[in-house]
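Undergrad: Got a structure for you, questions after.
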């Protein structure tokens with residue numbers, strides 16, 4: 001039973017991964033409200049990836065599941081801040097966007 005649930009979780013994760021990728025590809029052309037939703041979805045995806053990866057490794061080890069784990073997404077640390085700058089610029093908060101942009105540029 002646990003193995004079947006685990007397999008389903010991995011399948012759902014793969015679908016979520018593809019969906020987030022599609023949103024990120026279209027991010028520049030999104031309206032402000034859609035961009036905010038996309039940013040929230042990306043943030044949640046990164047957190048979920050970290051959680052699933054940690055739990056998946058433990059489950060495979062504890063139960064000796066015969067499953068190949070997917071290549072989990074490795075979050076780019078600057079991407080979240082860059083997406084935040086885009087959303088804030090679209091919202092019209094120029095000062096906040098400018099401060100975030102300076103922070104992002106300082107990291108590179």
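Undergrad: Quickly run through region 63-83 and pick out the residues that are within 17 Å of residue 44 (Cβ to Cβ) and outside any helix (DSSP H, G or I).
TA: The answer is 72, 73, 74, 75, 76.
Undergrad: May I ask you to list pairs of residues, at least six apart or on different chains, whose Cβ atoms are under 7 Å apart, with the first in region 40-57 being over 24 Å from residue 82 (Cβ atoms) and the second being at pLDDT below 90 and not in a helix (DSSP H, G or I)?
TA: Once the first residue is over 24 Å from residue 82 (Cβ atoms) and sits in region 40-57, its partners that are at pLDDT below 90 and not in a helix (DSSP H, G or I) give 56/69.
Undergrad: To continue, here is another question. Among 18, 12, 60, 86, which is modelled with pLDDT under 85, assigned to a helix (DSSP H, G or I) and under 30 Å from residue 1 (Cα atoms)? Talk me through it step by step, then tell me what you get.
TA: Values: 18 fails: modelled with pLDDT under 85; 12 fails: modelled with pLDDT under 85; 86 fails: under 30 Å from residue 1 (Cα atoms).
So the residue among 18, 12, 60, 86 that is modelled with pLDDT under 85, assigned to a helix (DSSP H, G or I) and under 30 Å from residue 1 (Cα atoms) is 60.
Undergrad: Give the residues of region 46-91 that are under 22 Å from residue 34 (Cβ atoms) and over 17 Å from the mean Cα position of the chain (by Cα), sorted by residue number.
TA: If the condition is that a residue be under 22 Å from residue 34 (Cβ atoms) and over 17 Å from the mean Cα position of the chain (by Cα), then 88, 89, 90, 91 are the ones that fit.
Undergrad: Okay, moving on. Step by step: first the residues of region 25-39, then only those that are in a helix (DSSP H, G or I) and touching a residue at least 24 places away in the same chain (Cβ under 8 Å), then the one that is farthest from residue 82 (Cα to Cα). Which residue is that? Let's see the steps before the verdict.
TA: If we filter region 25-39 for residues that are in a helix (DSSP H, G or I), which is where we start, we get 25, 27-29, 32-39.
Subset that is touching a residue at least 24 places away in the same chain (Cβ under 8 Å): 27-28, 32, 35-36, 38-39.
On the way: 27: 11, 28: 11, 32: 15, 35: 12, 36: 13, 38: 13, 39: 10 Å.
Selected residue: 32.
The values are calculated or read from the model by the stated rules, or taken from the named source; none is laboratory data. Computed from a predicted structure; not experimentally measured. Neighbour counts run over all protein chains shown; Cβ positions are idealised from the backbone, glycine included.
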